[in-house]
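Peer 1: Just passing along the structure, written as structure tokens.
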Amino acid sequence: MRSSLSYLRWPLIVTFAGIVLAGWLGLRYTGTTGGMLSFLMIAVVLAILEISLSFDNAIVNANKLKEMTPEWQRRFLTWGILIAVFGMRIVFPLLIVVIAARIGPWAAVELAATNPEEYSRLIGEAHLPIAAFGGAFLMLVALTFFFDQGKEVDWIGKIERALRRCGSVRGMEVGFVLIIILVFVWLLPVGDEQVFMFSGIWGIVTFLAVDALGHVLDRWGKAQEASHTAAQAGLGGFLYLEVLDASFSFDGVIGAFALTQNLFLIAIGLGIGAMYVRSMTVMLVERGTLAEFRYLEHGAFWSILILSIIMFGQTMWHLPEVVTGLLGATFIATAFINSVMWNRRHRGAVE
């Protein structure tokens with residue numbers, strides 16, 4: 001079995017390269033040693049922010065990857081990290097500005113480089129639809145887990161058993177999210193409610209579309225053993241994980257602008273964090289950690305549910321991203337501790 005340090009090889013390489021680039025950016029933009037150190041500190045804080053917000057993402061990714069073929073696991077951990085770093089941490093913020101300001105992609109890059117304050121303002125104006133879309137998608141991810149009739153292990157017993165009973169009603173999770181969307185539509189100021197509802201519904205549609213595609217391709221993969229069909233089955237899981245990662249990254253990308261308006265520094269910091277999340281995913285899959293700690297997955301999905309509620313709430317109230325990260329980390333840490341305690345009791349009973 002690989003040592004724990006071996007999983008950190010690529011993250012450490014990327015960290016070194018990212019720190020060098022962040023220092024170079026600091027000197028280029030400020031021309032002072034103090035500015036360089038400031039850029040370095042922001043890059044480190046952004047990396048920590050990304051790790052804290054995305055640890056639950058690593059757990060969910062590992063759970064899904066177990067069902068995929070080794071070939072598609074490798075593709076997700078190679079192509080997927082490129083999409084995650086360059087797509088969601090660079091292209092996605094640029095795309096928001098392209099749409100909001102109705103300018104070309106290259107003009108958006110120039111705006112990010114020459115007028116970061118205006119760039120940040122345009123990103124901030126897009127927060128409402130992003131939060132609605134991401135909140136709806138992530139809430140469905142969490143509720144689908146808790147409403148699953150085949151789930152045999154419960155962590156927070158009474159609540160999770162009640163949620164599983166709700167799953168006996170077909171489409172209950174979608175109805176629940178729609179009710180939440182309608183409540184916020186009623187609470188939001190006039191002018192914001194249409195954008196919120198439209199974006200929230202698109203979040204639901206995206207989840208259902210990706211989930212349906214995954215089921216269809218999985219059935220084809222089980223019905224036939226042809227290699228091209230197996231590839232299609234893996235494609236469904238790959239697309240699901242990419243959309244899931246995109247939804248998780250919304251919070252980190254938006255929160256990053258509270259620390260700096262420099263798009264390139266944001267990409268460096270969040271990219272470093274994304275590499276550590278990738279390594280955690282690999283370790284969870286190869287070491288079977290989810291099977292060893294029975295409540296760890298539950299903690300991750302509770303964290304996702306809380307994150308989705310926070311994303312909805314942030315359309316009306318501001319909550320610092322550090323609070324979001326701490327809440328998620330608390331659920332996961334508590335689930336980990338409870339898993340260790342259960343393992344000790346279980347071993348004692350067996351002995």
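Peer 1: Among 88, 41, which is part of a helix (DSSP H, G or I) and free of Cβ contacts under 8 Å to residues at least 40 places away in the same chain?
Peer 2: Working: 88 fails: free of Cβ contacts under 8 Å to residues at least 40 places away in the same chain.
Matching residue, one of 88, 41: 41.
Peer 1: For residue 6, state whether it is surrounded by fewer than 22 Cβ atoms within 10 Å (Cβ to Cβ), within 24 Å of residue 290 (Cβ to Cβ) and among the small types (Gly, Ala, Ser). Break it down stepwise before answering.
Peer 2: Working: surrounded by fewer than 22 Cβ atoms within 10 Å (Cβ to Cβ): yes; within 24 Å of residue 290 (Cβ to Cβ): yes; among the small types (Gly, Ala, Ser): yes.
Taking the combined requirement at face value, the residue satisfies it.
Peer 1: Among the residues of the range 246-269, is there at least one that is modelled with pLDDT of 80 or more, within 17 Å of residue 137 (Cα to Cα), out of contact with any Cys (no Cβ under 6 Å at 6 or more places or on another chain) and surrounded by fewer than 23 Cβ atoms within 10 Å (Cβ to Cβ)?
Peer 2: No, the conditions are met nowhere in the range 246-269.
Peer 1: Just name the residue that is surrounded by the most Cβ atoms within 10 Å (Cβ to Cβ) out of those in the range 300-330 that are assigned to a helix (DSSP H, G or I), at pLDDT below 80 and not aliphatic (A, V, I, L, M).
Peer 2: 328
Peer 1: Now for a different question. Here is a list of conditions, (1) exposed (fewer than 15 other Cβ atoms within 10 Å of the Cβ); (2) modelled with pLDDT under 80; (3) over 19 Å from residue 268 (Cβ atoms); (4) of a type outside the set (Gly, Ala, Ser), and residue 61 meets all of them except one; can you say which number that is?
Peer 2: The number of the failed condition is (1).
Peer 1: Can you find a residue in the range 279-299 that is of a type in the set (Phe, Trp, Tyr), in contact with a helix residue (DSSP H, G or I) (Cβ under 8 Å, 6 or more places away or on another chain), closer than 29 Å to residue 197 by Cβ and buried (at least 21 other Cβ atoms within 10 Å of the Cβ)? Explain how you work it out, then say what you get.
Peer 2: Of the residues in the range 279-299, the ones of a type in the set (Phe, Trp, Tyr) are 293, 295.
From what is left, the residues that are in contact with a helix residue (DSSP H, G or I) (Cβ under 8 Å, 6 or more places away or on another chain) are 293, 295.
Narrowing the set further to residues that are closer than 29 Å to residue 197 by Cβ leaves none.
No, that holds for no residue.
Peer 1: Within the range 173-191, which residues are farther than 21 Å from residue 307 by Cβ and either touching a residue at least 40 places away in the same chain (Cβ under 8 Å) or of a type in the set (A, V, I, L, M) (or both)?
Peer 2: Correct list: 190 only.
Peer 1: Taking residue 50, is it under 23 Å from residue 122 (Cβ atoms) and either in contact (Cβ under 8 Å) with a residue 24 or more places away in the chain or among the charged types (D, E, K, R) (or both)?
Peer 2: Details: under 23 Å from residue 122 (Cβ atoms): yes; either in contact (Cβ under 8 Å) with a residue 24 or more places away in the chain or among the charged types (D, E, K, R) (or both): yes.
Answer is yes for this residue.
The values are calculated or read from the model by the stated rules, or taken from the named source; none is laboratory data. Owing to the predicted nature of the structure, the values given are computational and were not obtained by experimental measurement. Every residue, glycine as well, gets a Cβ built from its backbone with ideal geometry; the counts of neighbours run over all protein chains shown.
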